[in-house]
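Structure first, then comments.
The values are calculated or read from the model by the stated rules, or taken from the named source; none is laboratory data. Predicted model only: the values in this text are computed from it and were never measured. We place every Cβ from the backbone using ideal geometry, glycine too, and count neighbours over all the protein chains shown.
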Amino acid sequence: MPELPEVETIRRGLSLAVEGKRIAEVEVRRRDLRLPLPDDFESSLAGRRVLSLGRRGKYLVLALDDARALIIHLGMSGRMLIEPASRRSNVAALHEHVVFTLEDGTRIRFTDPRRFGLMALAEMAAIDSHPFFLDMGPEPLSESFSGDTLYSAIKGKRTPIKAALLDQHVVAGLGNIYVCEALYRAGISPRRLAMNVGRARVERLVAAIRAVLLEAIEAGGSTLKDYARADGELGYFQHRFAVYDRAGEPCPECDCDIGVAHIVQSNRSTFYCAKRQR
DNA sequence: CACGAACCCTGGCTGC
DNA sequence: TGCAGCCAGGGTTCGT
């Protein structure tokens, strides 16, 4: 579910609640997430202080005071609920698998109906060589992502550019929605083979990816304030998409009468404007 | 090796 | 109304 902007929004919201705090207690209600939680998961985390909360692609990385890291991936349906000590509930939420209680009484509840999410412990010093991150592509909002790096990453690929951008080895953090949106903004057909996306298009694509992600993060930041007032749930947020899930609706940028097209590529839905995107 | 399909799991929506 | 079928923003595995 959550792509880079949602995970970044969750990271920001969570960091306010957990950074610098000690974990008092960890309760596991289900161990069989995408990866089974190890037997020593609770004992490894209890008493640890959270030094910082980072993100790599769609993964959250919590640096702990014992030089280890808690890695969290939310999969398709994972959510984080922050409950301040003042209005803590003793009732377990539906599909609640892991509950962290902090030293100040704050509770962080991880819910994930589909259980595609995961949590794992790793050595912080070697985090970049962890299997999750070893072959991961560059962060799209960092300097290491550029026309040069994207061009060389997709050079020679016979797969459609849509599928190439979903590949986390090419660029980190993009998912189905933001790939559709970025290709739309760049005016590139999702069906075009990656190897046939020339330099000029690659440059437009890099700019479009950055713009789409930054706008979504900004939208997430504003809903974060609403969430802080509401129930503390961190997950999806409302955002206006130009083409995603808008099959048949008129393309917002051109007056073509066809409307937004819906096709299926590698078993995932793609939305695009066949006139604007070539 | 590189690619696409199938699969993991549950809930919600659509259409009969 | 009831229910079968399909779809969902994740990633991995398997077969070609």
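Does the range A:90-99 include one or more residues that are farther than 27 Å from A:Ala126 by Cα, free of Cβ contacts under 8 Å to residues at least 12 places away in the same chain and of a type outside the set (Phe, Trp, Tyr)?
Yes, the range A:90-99 contains at least one residue that is farther than 27 Å from A:Ala126 by Cα, free of Cβ contacts under 8 Å to residues at least 12 places away in the same chain and of a type outside the set (Phe, Trp, Tyr).
How many of the residues making up the range A:223-246 are surrounded by 14 or more Cβ atoms within 10 Å (Cβ to Cβ), away from DNA strand B (no atom under 16 Å from the Cβ) and at pLDDT below 85?
Going residue by residue through the range A:223-246, those that are surrounded by 14 or more Cβ atoms within 10 Å (Cβ to Cβ) are A:223-224, A:227-228, A:232-237, A:239, A:241-244, A:246.
Narrowing the set further to residues that are away from DNA strand B (no atom under 16 Å from the Cβ) leaves A:223-224, A:227-228, A:232, A:234, A:237, A:239, A:241-244.
Cutting the leftovers down to at pLDDT below 85 gives us A:223-224, A:227-228, A:232, A:234, A:237, A:239.
Number of matching residues: 8.
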> Assuming A:Gly147 fulfils every condition listed in (1) in contact (Cβ under 8 Å) with a residue 40 or more places away in the chain; (2) closer than 26 Å to A:Ile10 by Cβ apart from one, which condition is it?
Replying inline: (2)
>> For the range A:152-192: of the residues being farther than 21 Å from A:Glu6 by Cα and among the polar types (S, T, N, Q), which is farthest from DNA strand C (Cβ to nearest atom)?
In response: A:Ser152
> Can you tell which of A:Leu150, A:Leu94 is surrounded by fewer than 17 Cβ atoms within 10 Å (Cβ to Cβ) and within 16 Å of DNA strand B (Cβ to nearest atom)?
Replying inline: A:Leu94
> Is at least one residue of the range A:130-144 away from DNA strand C (no atom under 16 Å from the Cβ), over 23 Å from A:Val26 (Cβ atoms) and more than 16 Å from the chain's Cα centre (by Cα)?
Replying inline: yes
> Any residue in the range A:55-62 that is of a type outside the set (D, E, K, R) and surrounded by fewer than 20 Cβ atoms within 10 Å (Cβ to Cβ)?
Replying inline: no
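Quick one: would you say A:Arg12 is more than 16 Å from DNA strand B (Cβ to nearest atom), part of a helix (DSSP H, G or I) and touching a residue at least 24 places away in the same chain (Cβ under 8 Å)? If you could, list the steps in order and put the result at the bottom.
Working: more than 16 Å from DNA strand B (Cβ to nearest atom): yes; part of a helix (DSSP H, G or I): yes; touching a residue at least 24 places away in the same chain (Cβ under 8 Å): yes.
For A:Arg12, the condition - more than 16 Å from DNA strand B (Cβ to nearest atom), part of a helix (DSSP H, G or I) and touching a residue at least 24 places away in the same chain (Cβ under 8 Å) - is met.
So how many residues does the range A:1-32 have that are within 30 Å of A:Ala182 (Cβ to Cβ) and of a type outside the set (Ser, Thr, Tyr)? Can you show your working first?
We begin by selecting, within the range A:1-32, every residue within 30 Å of A:Ala182 (Cβ to Cβ); these are A:1-16.
From what's left, of a type outside the set (Ser, Thr, Tyr): A:1-8, A:10-14, A:16.
Within the range A:1-32, residues that are within 30 Å of A:Ala182 (Cβ to Cβ) and of a type outside the set (Ser, Thr, Tyr) number 14.
Condition (residue is among the charged types (D, E, K, R) and within 16 Å of DNA strand C (Cβ to nearest atom)) applied to the range A:62-85: is it met by at least one residue? So that I can check it myself, show each step before the final result.
Here is the first cut: in the range A:62-85, the residues among the charged types (D, E, K, R) are A:65-66, A:68, A:79, A:83.
Next, from what is left, pick out any that are within 16 Å of DNA strand C (Cβ to nearest atom): A:79.
There is at least one residue in the range A:62-85 that is among the charged types (D, E, K, R) and within 16 Å of DNA strand C (Cβ to nearest atom).
If we keep just the residues of the range A:247-257 that are of a type in the set (A, V, I, L, M, F, W, C) and modelled with pLDDT under 85, which is surrounded by the fewest Cβ atoms within 10 Å (Cβ to Cβ)? Working first, answer last.
First, pick out the residues of the range A:247-257 that are of a type in the set (A, V, I, L, M, F, W, C): A:247, A:251, A:254, A:256.
Among the residues that remain, those that are also modelled with pLDDT under 85 are: A:254, A:256.
Values: A:Cys254: 10, A:Cys256: 13.
The qualifying residue surrounded by the fewest Cβ atoms within 10 Å (Cβ to Cβ) is A:Cys254.
Can you say whether A:Gly78 is surrounded by 13 or more Cβ atoms within 10 Å (Cβ to Cβ), of a type outside the set (Ser, Thr, Tyr) and either out of contact with any helix residue (DSSP H, G or I) (no Cβ under 9 Å at 6 or more places or on another chain) or over 20 Å from A:Ala126 (Cα atoms) (or both), as far as the supplied structure shows?
Numbers: surrounded by 13 or more Cβ atoms within 10 Å (Cβ to Cβ): yes; of a type outside the set (Ser, Thr, Tyr): yes; either out of contact with any helix residue (DSSP H, G or I) (no Cβ under 9 Å at 6 or more places or on another chain) or over 20 Å from A:Ala126 (Cα atoms) (or both): yes.
So A:Gly78 passes the test.
Residue-by-condition table, conditions (1) touching a Ser or Thr at 6+ places or on another chain (Cβ under 7 Å); (2) buried (at least 18 other Cβ atoms within 10 Å of the Cβ); (3) among the basic types (Lys, Arg); (4) not in a helix (DSSP H, G or I):
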position: A:Asn90; (1), (2), (3), (4): no, no, no, yes
position: A:Val99; (1), (2), (3), (4): no, yes, no, yes
position: A:Asp104; (1), (2), (3), (4): no, no, no, yes
position: A:Ile108; (1), (2), (3), (4): no, yes, no, yes
position: A:Ala125; (1), (2), (3), (4): no, no, no, no
position: A:Met136; (1), (2), (3), (4): no, yes, no, yes
position: A:Phe145; (1), (2), (3), (4): no, yes, no, yes
position: A:Lys157; (1), (2), (3), (4): no, no, yes, yes
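Can you say whether A:Ser269 is modelled with pLDDT under 85, surrounded by fewer than 16 Cβ atoms within 10 Å (Cβ to Cβ) and among the hydroxyl-bearing types (Ser, Thr, Tyr), as far as the supplied structure shows?
Details: modelled with pLDDT under 85: no; surrounded by fewer than 16 Cβ atoms within 10 Å (Cβ to Cβ): yes; among the hydroxyl-bearing types (Ser, Thr, Tyr): yes.
Against the criterion (modelled with pLDDT under 85, surrounded by fewer than 16 Cβ atoms within 10 Å (Cβ to Cβ) and among the hydroxyl-bearing types (Ser, Thr, Tyr)), A:Ser269 does not qualify.
For (1) over 21 Å from the mean Cα position of the chain (by Cα); (2) closer than 30 Å to A:Val170 by Cα, each residue gets a yes or a no:
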| position | (1), (2) |
| --- | --- |
| A:Gly13 | no, yes |
| A:Val18 | no, no |
| A:Val28 | yes, no |
| A:Phe41 | yes, no |
| A:Ile72 | no, yes |
| A:Leu102 | yes, no |
| A:Asp112 | no, yes |
